1. So what are region 11-68's ellipsoid semi-axes, whole angstrom, largest first, if each one is the square root of 5 times an eigenvalue of the alpha-carbon gyration tensor?
2. To test your reading of the geometry: what angle, between 0 and 90 degrees and rounded to tens, separates the Cα axis of helix 24-34 from the longest principal axis of the chain?
3. Dividing the convex hull volume of the Cα atoms of the chain by its residue count, what figure in Å³ per residue is obtained?
4. What is the sum of charges around Pro71, taking Lys and Arg as +1, Asp and Glu as -1, for the other residues whose C-beta is under 14 Å from the C-beta of Pro71?
5. Taking region 19-107, which chymotrypsin sites (Phe, Trp or Tyr not before Pro) meet the DSSP loop condition and have no more than 16 other C-beta atoms within 10 Å?
6. Suppose every Lys and Arg Cβ carries +1 and every Asp and Glu Cβ carries -1, with no other charges. What dipole size does region 54-110 come out with about its Cα centre, to the nearest 20 debye?
7. Name the longest site-free stretch of the chain, where the excluded sites are trypsin sites (Lys or Arg not before Pro) in a DSSP loop with no more than 16 other beta-carbon atoms within 10 Å.
8. What does the charge count near Val25 come to, summing +1 for each Lys or Arg and -1 for each Asp or Glu among other residues with Cβ under 15 Å from its Cβ?
Amino acid sequence: GDLTRVDDILPVIRRVVSGDGLDVVKTKELLREHVLAYDEWAAEIDRAVRWMDVLFAPLSAHPPYVETNIPPLSELPDYANRFIGIPSAEILYDTVNDKQQLPLDPAFSNILGQIA
């Protein structure tokens, strides 16, 4: 291969990789210089380059959807029966933080192990 056109091709690649889209004009110029059948296939090549431009175009990110005032599943009537006997996160943290240096109750340790 020939490395004489690296300085022309590299900015096109960097632009795509950085998320700024495809430089359509520069890409067509490079193709016109190096594809012998460019004039015969100009419409198809143009369509393909514009399609690639759409594929490589930057997209705006939608803001994350944030719910407020959502009760825990254990407080919803449909799920309450599934959480009978399972301590809440508040109880777990309070128990573990209150007894940091002491061994936990074996029954509580078993529940904690099952939850984890």
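The values are calculated or read from the model by the stated rules, or taken from the named source; none is laboratory data. In this text, all values refer to a predicted model and were calculated from it rather than measured experimentally. Don't worry about glycine lacking a Cβ; one is built from the backbone with ideal geometry, like all the others, and counts go over all protein chains shown. Keep in mind that these areas ignore ligands, DNA and RNA; they rest on the heavy atoms of the full protein, side chains included. Shrake-Rupley method; radii C 1.70, N 1.55, O 1.52, S 1.80 Å.
1. Values for region 11-68, descending: 33, 13, 5 Å.
2. The two axes meet at around 50 degrees.
3. 286 Å³
4. Result for the neighbourhood of Pro71: -4.
5. Qualifying residues, ordered by number: Tyr38, Trp41, Tyr65, Tyr79.
6. 200 debye
7. 6-98
8. -2
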